[in-house]
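Rule-based calculations on the coordinates, nothing more; no lab input. The structure presented is a predicted model; accordingly, all values stated were derived computationally and were not measured. Cβ atoms come from the backbone with ideal geometry, glycine included; neighbour counts cover every protein chain shown.
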């Protein structure tokens, strides 16, 4: 039933208050001083200062002069690190995350919504950027989105400027619908792991033929080929204009996908989940693939049974660039705790573990020139902690995106109450 007028007015009032509260602070130049600066790419700076002007970092160090008119934030006894980056998230996606009617759909793109409370809660965990992928029902799925957590901005303003195009592939049980309740007669192809490989080879062979037809037309003229957006996207993948991220679990399938990619002249940029990556770590490094994995989430289905907590460290020790992702609206708030697991299982250094939630995911999604470390010239995306991020008592006090404070712990209680507003209809009392 539709809400009664009384509930409707309450809904409008709540939305209006939430929108007003969500509006970001006015852009201003900021300096955080007397803070321990975790730069990621350089040494840790004690009692340091970081200055952000016009949205970019302009100064980092101990002897930094703060210009007049700059807002100064006292970082005494606090820690400043680059804004965290989630390389695999499903937050802020509009109209569901899976398109399962066809197995190959690289011409489509996900749509982003700007009012998902997960955005604000991610900011509360120091996350400033995220790679939003659709689900894993497709052998070759659609194109994902990279956003900055600009809470309160329009949908268009959420997108990360200059980020590359990325497409999601998938392998294994999700693609074959192995655990679906549908009868076998209603499951669409491919229904087996062999069928997934056949689907890849079949479609990229068609894309090669499509590319050759256009090349011949441009060189010799004649009848213009019919344009096909799906095959165009596959051609762009082979040309390296669209990066490939692949949902994966088993080592044998990871090897298969790398071999298929090499056969058709492209590379898998990043394997997502990659829970058996430790079995094929050297092959991953040789191929040039990255790995974005869970810290401690496994054994929830058959193909995840062989996962081990040392996976991150083993892959990293073989030269693979590794990130830790959330794949969850809950874990995205504590990525800094997830990364610390790499130190316990595998003996990663502190900085190596922190790279897995900053610079490494930035590399994987192609924005490392803009974010992922505290360096002059990079975006002013920062997270201020009350303790070291790996301290059990650590929490984020302030999160800054492009030099704008989007999360302030002092205002968090008010915002969270607004996010919990629910509209009760006559029908569901």
Averaging the inverse of every distinct alpha carbon separation and then flipping it gives the Kirkwood radius. What is it for region 84-371, in angstrom units? 19.4 Å
Out of 309, 106, 361, a Gaussian network model of the chain with alpha-carbon springs under 10 Å gives the largest mean-square fluctuation to 309
Restricting to region 84-371, what percent of DSSP beta bridges are antiparallel, rounded to 5? 25 percent
Please give the helix 229-238 orientation as an angle from the longest Cα principal axis of the chain, in degrees from 0 to 90, rounded to the nearest 10. 80 degrees
Largest fluctuation, 248, 179, 103 only, Gaussian network model of the chain with Cα springs under 10 angstrom, belongs to 179
Residues of region 56-100 with amide nitrogen under 15 Å from the 7 Å Cα-to-Cβ point of residue 43? 61-63
Angle in degrees between helix 5-22 and the longest Cα principal axis of the chain, rounded to the nearest 10: 80 degrees
FRET efficiency (residue 300, residue 217; Cβ distance; R0 45 Å; to 0.05) is 0.35
What order do you get for 400, 110, 357 when you list them from fewest to most C-beta neighbours inside 10 Å? 110, 400, 357
Could you state the orientation-averaged shadow area of the convex hull built on the Cα atoms of region 320-429, in nm² to one decimal? 10.0 nm²
Gaussian network model of the chain, Cα within-10 Å springs - most flexible of 359, 133, 418: 418
Please provide three numbers in whole Å: the alpha-carbon extents of region 303-381 along the principal axes, with the largest listed first. 43, 29, 21
Could you check how many percent of all C-alpha pairs in region 130-223 are farther apart than 15 Å? 72 percent
Going by how many other beta carbons lie within 10 Å of each one, how would you line up 235, 175, 376, fewest first? 376, 235, 175
Per DSSP H run of n ≥ 4, the term is -39500 (n - 2.57); total these for the chain, divide by its residue number, and report the mean residue ellipticity at 222 nm rounded to 500 deg cm²/dmol. -8500 deg cm²/dmol
Fraction in percent of alpha-carbon pairs per bin - 10 Å, region 27-137: 13, 31, 24, 18, 11, 3
Cα centroid separation, region 255-320 to region 65-100 (Å): 27 Å
Based on alpha-carbon positions alone, could you give the equivalent ellipsoid semi-axes of region 148-195 from the gyration tensor, as √(5λ), descending, whole Å? 37, 14, 8
For region 227-270, what is the largest minus smallest coordinate of the Cα atoms on each principal axis, given in angstrom and ordered from greatest to least? 37, 19, 15
The chain: angle of helix 193-220 to the longest principal axis, Cα-based, in degrees nearest 10: 90 degrees
